Amino acid sequence: MARRNCDDIPARELVNSIFRISPPQLRNRSTERSADKPTEFHLHSIISEAPCVVFKSFREWQWSISYPPQLQGSAMLTIHGFWRSSCTKRVALILHEKAVPFKLVEVPLGTFKSPEHLKKQPFGQIPVLDDEGYVLYESRAIVRYINAKYAAQGTTGLAPSTSDVHALGKFEMACSIEYSQFSPVVDRLMKEVIFKKAQGLTVDETIEKTLKTILEQKLDVYDQILAKQRYLAGENVTLADLFHVPECDLIFKYAPDIVQSQIHVGKWWQEISSRKSWLAVKDGLVFIWNK
């Protein structure tokens, strides 16, 4: 494909206009690659708007996108993950918030326990961050690292200063709520009603009903918290709020009625889910097509 300079055109729109490829076509092509050779993509991480975007080729499943002048020459982080993974999206969301260049090396489904991947992530999960040889896994740990390393870049204030111990305490409490109260229930519910259906398995309606009730009870408490403040850790958005976004997106699509009765949760969700960072990654990190 000829080199194209594209000024003042949203990157997402440009991809759709140049590469009109349906999901089945993408899946068919992906099977042609050897399982031991992960697919690598170069991504542009300035949300979805770029001053100048140059598409070089689509050869061997590689998307190369040039960066604006202010990012050219920057070291690029590598994320090993799966393009539709909630945890991978959690990391990508923050990379967009912080305006950090990165590339995604796809770890296909079914290869998480491969010897090669286990060298990077001994539990056989995704995502994994490689920062010029410095390797981290666990999405929340990766996010905290990115936010700390690029503290002055992109969206600032996503975590309070360690000098403000009261704000830090509230922030850590909010992060812990997501990790210990929200995520475990949502994970179980998604496995029961989303992943089982995708695999053609029978959903246990008793378990589904029980988990929905538990989640509604958790969100009742969230609603009480958000009735007193705009975000979970106070009046400013933090990582504690953004940690929720990928799983909230899945679960609220499955059961929109859960959030309809929670006025303050609904308002909070509307705010955090409309951020440009999430809009850039919600439909997948790489494969973008017209629906």
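The values are calculated or read from the model by the stated rules, or taken from the named source; none is laboratory data. All values reported here derive from a predicted model rather than from experimental measurement. Note that we place each Cβ from the backbone using ideal geometry, even for glycine, and neighbour counts take in every protein chain shown.
Here are the numbers for this structure:
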| quantity | calculated |
| --- | --- |
| Residue match in segment 108-117 (condition: crowded, with 24+ Cβ neighbours inside 10 Å and over 21 Å from residue 249 (Cβ atoms)) | no |
| Which numbered condition residue 159 fails, given (1) under 20 Å from the mean Cα position of the chain (by Cα); (2) not in a loop (DSSP other than H, G, I, E, B) | (2) |
| Subset of segment 229-288 (residues that are of a type in the set (Val, Ile, Thr), under 28 Å from residue 168 (Cβ atoms) and assigned to a loop (DSSP other than H, G, I, E, B)) | 237, 238 |
| Condition check for residue 206: in a helix (DSSP H, G or I) and in the same structural domain as residue 172 (by TED's automatic domain parsing) | yes |
| Number of positions in segment 73-117 that are part of a strand (DSSP E or B) and either more than 18 Å from residue 243 (Cβ to Cβ) or over 15 Å from the mean Cα position of the chain (by Cα) (or both) | 8 |
| Residue count for segment 130-152, restricted to those that are in a helix (DSSP H, G or I), hydrophobic (A, V, I, L, M, F, W, C) and surrounded by 18 or more Cβ atoms within 10 Å (Cβ to Cβ) | 3 |
